[in-house]
Amino acid sequence: MNLLQRPPIHARRDDVLPQAEHAALIDWALANETALSDSRVGKGQVSDDRRRARSFYGSADWKRTSVAHIDALLPGILADLGMAHFRRDGFEIEMVVYGDGGHIRPHHDTATGLSRHPHDRVVTIVYHFHREPQGYSGGTLRLLAKMPGADGKRACVDLEPRQNGLIAFPSLAIHEVLPVSVPSGRFEDSRFGINFWAQRHYRAAAGADAVAADPIRAGGEQDQ
Ligand SMILES: O=C(O)CCC(=O)C(=O)O
Ligand SMILES: [Fe+2]
């Protein structure tokens, strides 16, 4: 079995945000349904089949407070992933909410080859949260091997979202979110997550220090 036939490497952390910040985040999310819009894919289009979810693309205070905790965990996460330390040029941050039937089909989060972007995502860190008691089931995050094995199937690893926990993996890794079931149909019972993408600005040599000072950067188009 070669490397591309194995499921991608991942890292997990629990108790990611201090209790008060975690609670405030749930309150904010439950009060801001109208700030969500249909999640986008590729160059910004909406595809209900590829990605059925709603995202928050605006600015909010929780982005600055939460990213500080994620940033502090980044060196250890890179070590766990066996990735060389790199100087992150910023994070792209998106809250994503999956209601009943929500899912994302297999994809990777960063551009490859000729479509390489000036600010590629290098590491994907997904933080999960929900209201208690948990009102959804499903929504497993599945990481898939790039190539099928001898049996013709792609090896995979299934990771259940954990309250106030994160899952990190290289942004090039293929992954999907399996369908979410929300029996009540209520927004409060959705599967909530925040994607933090650590970025590297390959063409940002000039003025790179100024860029690095601000952990939050707007993202570009990506394959997902
Ligand atoms: O919510 C998750 O567990 C993963 C989300 C994801 O893959 C994405 O939004 O690109
Ligand atoms: Fe993704």
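The values are calculated or read from the model by the stated rules, or taken from the named source; none is laboratory data. Owing to the predicted nature of the structure, the values given are computational and were not obtained by experimental measurement. Because the Cβ atoms are built from the backbone with ideal geometry, glycine has one as well, and the counts that use them run over all protein chains shown. Side chains are part of the model used for accessible areas, which takes the heavy atoms of the whole protein and leaves out ligands, DNA and RNA. Shrake-Rupley method; radii C 1.70, N 1.55, O 1.52, S 1.80 Å.
Numbers below:
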read-out	value
Unique match (being buried (at least 18 other Cβ atoms within 10 Å of the Cβ) and within 20 Å of Arg200 (Cα to Cα)) among Asp71, Asp80, Asp89	Asp89
Test: Phe192 is open to solvent by less than 50 Å² (accessible area, probe 1.4 Å), among the aromatic types (Phe, Trp, Tyr) and touching a helix residue (DSSP H, G or I) at 6+ places or on another chain (Cβ under 6 Å)	yes
Cross-chain or 6+ apart pairs with Cβ under 8 Å, the range 44-58 first and open to solvent by 90 Å² or more (accessible area, probe 1.4 Å), then more than 12 Å from ligand 1 (Cβ to nearest atom)	Arg52/Gly101
Number of the condition not met by Asp109 [criteria: (1) open to solvent by 40 Å² or more (accessible area, probe 1.4 Å); (2) within 13 Å of ligand 2 (Cβ to nearest atom); (3) assigned to a loop (DSSP other than H, G, I, E, B)]	(1)
Residue count for the range 27-45, restricted to those that are of a type outside the set (D, E, K, R), in a helix (DSSP H, G or I) and away from ligand 1 (no atom under 16 Å from the Cβ)	5
Selected residue [farther than 29 Å from Glu33 by Cα and modelled with pLDDT under 95] from Ala84, Ala79	Ala84
Failed item, numbered, when Val157 is tested on (1) open to solvent by 30 Å² or more (accessible area, probe 1.4 Å); (2) more than 14 Å from ligand 1 (Cβ to nearest atom)	(2)
Pro148 in a strand (DSSP E or B) and not aliphatic (A, V, I, L, M)	no
The lone exception for Thr124 - which of (1) at pLDDT 95 or above; (2) closer than 29 Å to Leu30 by Cβ; (3) open to solvent by 20 Å² or more (accessible area, probe 1.4 Å) it fails	(3)
Sole exception among (1) aliphatic (A, V, I, L, M); (2) under 29 Å from Val182 (Cβ atoms); (3) part of a helix (DSSP H, G or I) for Val97, by number	(3)
Number of the exception - Thr65 against (1) among the β-branched types (Val, Ile, Thr); (2) at pLDDT 95 or above; (3) open to solvent by 40 Å² or more (accessible area, probe 1.4 Å); (4) within 15 Å of ligand 1 (Cβ to nearest atom)	(4)
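Conditions tested, residue by residue: (1) without any contact (Cβ under 8 Å) to a residue 60 or more places away in the chain; (2) within 12 Å of the chain's Cα centre (by Cα); (3) within 15 Å of ligand 2 (Cβ to nearest atom).
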| position | (1), (2), (3) |
| --- | --- |
| Glu132 | yes, no, no |
| Arg142 | yes, no, yes |
| Gly149 | no, no, no |
| Lys153 | yes, no, no |
| Ser184 | yes, no, no |
